[in-house]
Amino acid sequence: MFKSTRKGFMIILCCTVILVFRYIAYLNFRQLLDFHFLSVKNHRTPASGNIAYVDQQITKIMTMINATIPQKDTMHFIETTSALNSISIILNYKPNYCVGDTLIVQVEMFSHLGKRKTYGGDFLLTRIFSPKLGAGASGKIEDFNNGSYNIYFTLFWEGQVQISILLVHPSEGVALLWKGRNMGYNYIGYTGLFIHKKQEVNTECGFYLNSQQEECEYANRKYRDVFHCIKLPEIPCEAFISLKSWHRDYTYLSNANKTLLSLSNIGIEIPKRVGSIHVLKCAKTSMTVTSKCQIGTSLPFPSGYFLNNQWFPTHCNLSTFEPLLNITKCLAGKMIYLMGDSTMRQWIKFFPNVLKSKYPCCIGIGMGTP
C-alpha cells in the first residue's frame, strides 16, 4: 500500500513540476527575447536618449568590424590568399621551452600568384596539440593588416608539442561572406508556435515577410529590432510561445564567388619551417591556480587547454566530480532546471544516461540544433 501511494505521489509531483517549469520557461523565454507586442496601429518607441546611445554603439561595432575586412568586391581567384604559398616561422625558437613560456609564430601570406599580400583579414584557426597526451590549446592572433600575422601560444603542458595553422577562408572570402550577410534575411526561415485555448498552431515568421496577410509585430525594447509573424485567425499575437529556425537554399553569391568558398579551399594547412616543440617542466614556472571557478568571471584568451582529454581553465580551479559516486552524491535530493542552446540539450540527455536513476534527475529545455 505504501509503495503504491508513494508511486502515485511521485507521478503527481513530477507532473506538477513539469507544468510549473513549463510556465517558468515560458516567462523566461519572453524575458530572454525582451520582445513586447506592438499593435499594427500603435507603435511605441523607446526614449530618444536611449535611441541615440544604441545607434552610437551599433555604429561603433560595425565600424570596427568593417575596418578589419578588406573592401574587395570582385577579385580573381589567383589573386586571393593561398595557404600553400604562405609560410610560418617561429620568431623565438630555442631547443627547449618551459611550461608557461610563450611561443611566437610569424605567418606571411602570399597569393596563388606568389605575390606577398599587402592587407590582412584572413580567417585563421591556430592551435598547439599533443595527440599522445590528449592535449590542445588555441593561439592568439595579431593581425598587422599588411599580410603578416603574429600568433602567440602559451605552452601549458610538458612534452612534444605540434603546431597547426589553418587558413579557413582568405580575406577575400571573408569580405564576400560579410557582404552577403548584410544584403538580406533570406538565408534562414522561421516558424513560430502559438498556443491558445489548448490549440497549438504554427505560422511563418521573420524579420521581413513577403506577405499581404495581417502580421503580429514584436519589438526589442533596447535595440529596436522588429520581428514579424503572420497572424492566424482567432489566435492573438500574445499567444506566441516559441520559435524554430531552418536554413533556406538561398545565396547572394555569384557562381564565381562560390568557387572561392568551395570545400577544397577551406581549412588548408599553412606550411611550417619547424617540427615539434620540446617543452620541459622547469622549476621557475608554475601554472597552478587556486581560486575556484565561478559564474561571472571574465575570461582571458585562451581561457584554458585540454590535457588527457580534460579541460583545464587558466584563470581558476575547476571542480571535478569523479568517480561517478561523487556526481550522484552532489546531485542527490536536488531538482535541476536546465535551459539553453544545443549544448545544454546534450547535458539534458547526459545526466539521466550517466546517473541511471529511477526518477528523472532534471527537467530542461534545450534550444538549437539537437
- prompt: How do Leu338, Leu263 rank by accessible surface area computed with a 1.4 Å probe, from largest to smallest?
  reply: Leu263, Leu338
- prompt: Which order do Trp178, Trp246 take by accessible area at a 1.4 Å probe, largest first?
  reply: Trp246, Trp178
- prompt: Relative contact order for the range 66-172: what is it in percent, counting Cα pairs under 8 Å that are at least 6 residues apart?
  reply: 33
- prompt: Can you give the accessible area of His196 in Å² (nearest 10), computed on protein heavy atoms with a 1.4 Å probe?
  reply: 50
query: Near Lys198, which aspartates and glutamates are there with a Cα under 20 Å away, not counting those fewer than 8 places off in the same chain?
result: Glu234, Glu238
Rounded to the nearest 10 Å², the accessible area of Asp55 at probe 1.4 Å: 60
statement: Carbon and sulfur atoms account, in whole percent of the 1.4 Å probe accessible area of the range 114-187, for 55
message: 5 Å is the cut-off here: which amide hydrogens, built 1.01 Å from N in the peptide plane, fall below it relative to Cys282, excluding neighbours closer than 5 in sequence?
response: Val99
message: With a 1.4 Å probe and all protein chains kept in place, how do Thr191, Thr288 rank by accessible area, largest first?
response: Thr288, Thr191
Computed label-point distance, nm, for sites Cys330 and Gln162 using a 7 Å Cα→Cβ extension: 3.3
field: Shape of the range 62-102, Cα gyration tensor, a/c cut at 1.5
entry: oblate
message: Once ligands and nucleic acids are excluded and a 1.4 Å probe is used, how much of Leu299 is accessible, expressed in Å² to the nearest 10?
response: 120
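The values are calculated or read from the model by the stated rules, or taken from the named source; none is laboratory data. Note that the structure is predicted; figures quoted are calculated from it, not measured. No Cβ is skipped: glycine too gets one built from the backbone with ideal geometry, and neighbour counts run over all protein chains shown. Just the protein is used for accessible areas: all its heavy atoms, side chains included, with ligands, DNA and RNA removed. Shrake-Rupley method; radii C 1.70, N 1.55, O 1.52, S 1.80 Å.
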